[in-house]
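The values are calculated or read from the model by the stated rules, or taken from the named source; none is laboratory data. None of these values were measured; they are calculated from a predicted model. Quick reminder, even Gly has a Cβ in these numbers, built from the backbone with ideal geometry, and neighbours come from all protein chains shown.
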Amino acid sequence: MIKVDPHIPRILLVGGGTGGHVYPAIAIADAVRELAPRAVIEFAGTMQRLEWRAVPQAGYAIHPIDVRGFRRTLSGETLTFPVMLTKALVQAWSLVKAFDPDVVVGTGGYVSGPVLWAAAKQGRPVLIQEQNAYPGVTNRLLGRYAQRIFVAFEEACAYFPADRCLLTGNPVRKELQQVDREEARAYWDIPAHAKVVLVFGGSLGSLALNQIMEQVTSVLLQDPEVFLLWQTGRRYFEGVQTRVASHARLKVFPYIQQMHYAYAAADLVISRAGALTCSELMVTGTPAVLVPSPHVAADHQTRNAQAMEALGAARLLPESALESRLLEMVQSLLQAPDVLAQMARAAREHAIPDAAERIAQEVLYWARSNQDWKGAAA
């Protein structure tokens, strides 16, 4: 008779603020659940941000931690920050003690700080997943406590203890790999021979990208083979619709829900350089012109775009050069299918499509290691 271990892994994930922190955590949780269906998986996050809605929608419980980022300008929030941080540390300490996790996984954002600190101080294994080429301040500070740091870009290893870093890539949505070009073109009613440009500025949209596209769309559409898929973001959609003339080869959306069809149909993407976007471009093998947002803390997106360009998978275009260079760059790439094919190959060669599964296996390894330690100490 096979002896069954009665102890079920208990895993606490924490990450919040933006989709770039929340969705990798959910992808890791899903992968853990596939490998260990009986595992108890719960989250910590802030009630005011995306995680409070997205995590329950994904089917996981979430516990509140009241924390916010430190503002460098003097204000009432700055003066009350020490009180707020103390409260968050107390909440995090109580949560770790009560939930009794075998391992705690942080994916970034301010909320990761107090929870990972409390976990480390209580002797729980701490794992970090860093999405960007240049790590965020929270993850850089917490790296000293982590048993493993999972990175998406090799450049990030320079900011952590080298012997604890693993290059795993960023977890991305599985459906991105489950649709082919022919099916995607049929979904959008686009001919097989067309040159398809996909434009998006993240889920909220980008004012700068929308403004330049308003200027160049009519010129791009002078090529009878060019089709445009353009996600404006909900806040900009009505304005763009008012100012840009409709066209049979132009499809404008406030938000594209079926992004797997959009990537698969595209010959070229014009987008920001968020960490998850870069990983999705690599997994789908989609060439891109990356326009890093200059408004992101620590200029993370520029580092991401530089890393993508160094791999040969993308071209970096600073926002300041949009008006002078975007149109020529896009037209040049569309007229060079060999260059686009080379960029697509470079993207796929450096993609790690099973990132979530790789991280999940490590999570379960450390959870079981902690169980063995607790069993020996009992």
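Which residues, counting only those in the range 275-290, are under 16 Å from the mean Cα position of the chain (by Cα) and not in a helix (DSSP H, G or I)? Answer for the range 275-290, where residues must be under 16 Å from the mean Cα position of the chain (by Cα) and not in a helix (DSSP H, G or I): just L290. Going by the structure shown, is D189 modelled with pLDDT of 95 or more and out of contact with any strand residue (DSSP E or B) (no Cβ under 7 Å at 6 or more places or on another chain)? Taking the combined requirement at face value, the residue satisfies it.
In the set L333, L322, L326, L364, only one residue is assigned to a helix (DSSP H, G or I) and assigned by TED's automatic domain parsing to the domain that holds V40; that residue is L364. Selection of the range 102-131 for residues being touching a strand residue (DSSP E or B) at 6+ places or on another chain (Cβ under 8 Å), part of a helix (DSSP H, G or I) and either crowded, with 24+ Cβ neighbours inside 10 Å or not assigned by TED's automatic domain parsing to the domain that holds C165 (or both) yields S112, V115, L116, A119.
Return yes or no: is R303 farther than 30 Å from R33 by Cα and touching a Pro at 6+ places or on another chain (Cβ under 8 Å)? So R303 does not fit the description; no. So, in the range 168-201, of the ones that are outside any helix (DSSP H, G or I) and exposed (fewer than 15 other Cβ atoms within 10 Å of the Cβ), which residue ends up nearest to the chain's Cα centre (by Cα)? Here the answer is Q178. Looking only at residues of the range 12-57 that are assigned to a helix (DSSP H, G or I) and basic (K, R), we find that the one that is modelled with the highest pLDDT is R33. Of the residues that make up the range 202-209, is at least one within 20 Å of the chain's Cα centre (by Cα), closer than 29 Å to Q131 by Cβ and crowded, with 23+ Cβ neighbours inside 10 Å? Checked the range 202-209: at least one residue is within 20 Å of the chain's Cα centre (by Cα), closer than 29 Å to Q131 by Cβ and crowded, with 23+ Cβ neighbours inside 10 Å. Out of all the residues in the range 311-324, is one or more surrounded by fewer than 13 Cβ atoms within 10 Å (Cβ to Cβ) and within 24 Å of C157 (Cα to Cα)? Among the residues of the range 311-324, not one is surrounded by fewer than 13 Cβ atoms within 10 Å (Cβ to Cβ) and within 24 Å of C157 (Cα to Cα), which makes the answer no. When only residues in the range 247-274 that are touching a helix residue (DSSP H, G or I) at 6+ places or on another chain (Cβ under 8 Å) and among the basic types (K, R) count, which is surrounded by the most Cβ atoms within 10 Å (Cβ to Cβ)? For the range 247-274, the residue satisfying everything is R272.
Against the conditions (1) under 23 Å from Y23 (Cβ atoms); (2) exposed (fewer than 15 other Cβ atoms within 10 Å of the Cβ), A288 satisfies every one except (2). Yes or no: the range 84-101 includes at least one residue that is among the acidic types (D, E), part of a loop (DSSP other than H, G, I, E, B), surrounded by 22 or more Cβ atoms within 10 Å (Cβ to Cβ) and more than 16 Å from the chain's Cα centre (by Cα). No, every residue in the range 84-101 fails to be among the acidic types (D, E), part of a loop (DSSP other than H, G, I, E, B), surrounded by 22 or more Cβ atoms within 10 Å (Cβ to Cβ) and more than 16 Å from the chain's Cα centre (by Cα).
Inside the range 229-274, residues that are farther than 23 Å from M308 by Cα and either of a type outside the set (F, W, Y) or assigned to a strand (DSSP E or B) (or both) make up a count of 24. Would you call G202 in contact with a helix residue (DSSP H, G or I) (Cβ under 6 Å, 6 or more places away or on another chain) and on the phi > 0 side of the Ramachandran plot? Spelling it out, it is not the case that G202 is in contact with a helix residue (DSSP H, G or I) (Cβ under 6 Å, 6 or more places away or on another chain) and on the phi > 0 side of the Ramachandran plot.
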